[in-house]
Amino acid sequence: MARTNAERSGLTQTRILEAATRLTRQRGWENTKVKDICAEANVSVGAFYHHFASKQELMQRAFLFFDATLAERLPEAGSEPFSAMRGLLLAQTAFIVDEAGPVITEYYKNILMDDKRAAVDPSRAYYKSVRAYAELAREKGKLRVDYTPQEAAELLISFVRGCIVDWCLHDCAYDLLARAGKGLDLVIAGLRA
């Protein structure tokens, strides 16, 4: 079966991200050049610039690749809402560790130094999914009444983002997934009705 243009485009973008991640782990972000990423991904420089305006844009969009695979990561329908939120938040954290690691580190370093950038985009599928689970928890009477679903979702996402930033600032030197999981358990316990 032939792939669609969108599928081919997605595969090319993924190969570029994976190549950038591998090279960044070996050389560091500053020492990784676009031509090196292209050679590693086995794509032309033109193909790179077709998908990304610059190496900087690749870094900024790296975390969005998670959203492209979100549907396959969502918990089963009928899952307990807090377990579903925890699973989704940790799936995003695992994606960062496994797929985007050092590229995400550079992304957060840039965000911390530029007041015109924001790490939060409420229109992302990831954010919408966490909020939907928080709304489900409210409907089932499992969310404390002093939290709105929006507040609960923002608290959980902010906690995970804080863990990721801390991990980046520590040069990815500890088990982010384990630490985020333990902390999420505490945060979720505080949200339960």
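Just a few scattered comments:
- Meets criteria (within 17 Å of E99 (Cα to Cα), of a type in the set (V, I, T) and in contact with a Gly (Cβ under 9 Å, 6 or more places away or on another chain)) for T21: yes
- Residue in segment 42-49 that is among the hydroxyl-bearing types (S, T, Y), more than 30 Å from F159 (Cα to Cα) and modelled with pLDDT of 85 or more present: yes
- Against the numbered list (1) under 30 Å from Y133 (Cβ atoms); (2) not assigned by TED's automatic domain parsing to the domain that holds E135, A39 comes up short only at (1).
- Residues (in contact with a helix residue (DSSP H, G or I) (Cβ under 9 Å, 6 or more places away or on another chain) and either without any contact (Cβ under 8 Å) to a residue 40 or more places away in the chain or not in a helix (DSSP H, G or I) (or both)) located in segment 134-144: E135, R138, E139, K140, K142, L143, R144
- Scope segment 162-176; condition under 20 Å from S129 (Cα atoms) and either surrounded by fewer than 18 Cβ atoms within 10 Å (Cβ to Cβ) or in contact with a Pro (Cβ under 7 Å, 6 or more places away or on another chain) (or both); matching residues: G162
- Members of segment 170-193 found to be farther than 14 Å from F82 by Cβ, touching a residue at least 40 places away in the same chain (Cβ under 8 Å) and either assigned to a helix (DSSP H, G or I) or not assigned by TED's automatic domain parsing to the domain that holds L90 (or both), listed by number: L176, L177, A180
- One residue stands out in segment 115-167 among those that are acidic (D, E) and under 16 Å from the mean Cα position of the chain (by Cα): the one that is modelled with the highest pLDDT, namely E154.
- For segment 3-47, filtering for residues that are charged (D, E, K, R) and outside any helix (DSSP H, G or I) leaves 3.
- Per-region count, segment 1-31, residues hydroxyl-bearing (S, T, Y) and loosely packed, with under 11 Cβ neighbours inside 10 Å: 1
- Test: residue in segment 64-79 that is in contact (Cβ under 8 Å) with a residue 60 or more places away in the chain, at positive phi and not in a helix (DSSP H, G or I): no
- Cβ-Cβ under 6 Å pairs, at least 6 apart or on other chains, segment 16-31 side more than 17 Å from H50 (Cα to Cα), far side at pLDDT 85 or above and surrounded by 16 or more Cβ atoms within 10 Å (Cβ to Cβ): L23/T32; L23/E40; T24/T32
The values are calculated or read from the model by the stated rules, or taken from the named source; none is laboratory data. Just so it is clear, the model here is predicted, and its values are computed rather than measured. FYI the Cβ positions are ideal-geometry reconstructions off the backbone, even for glycines, and counts take in every protein chain you see.
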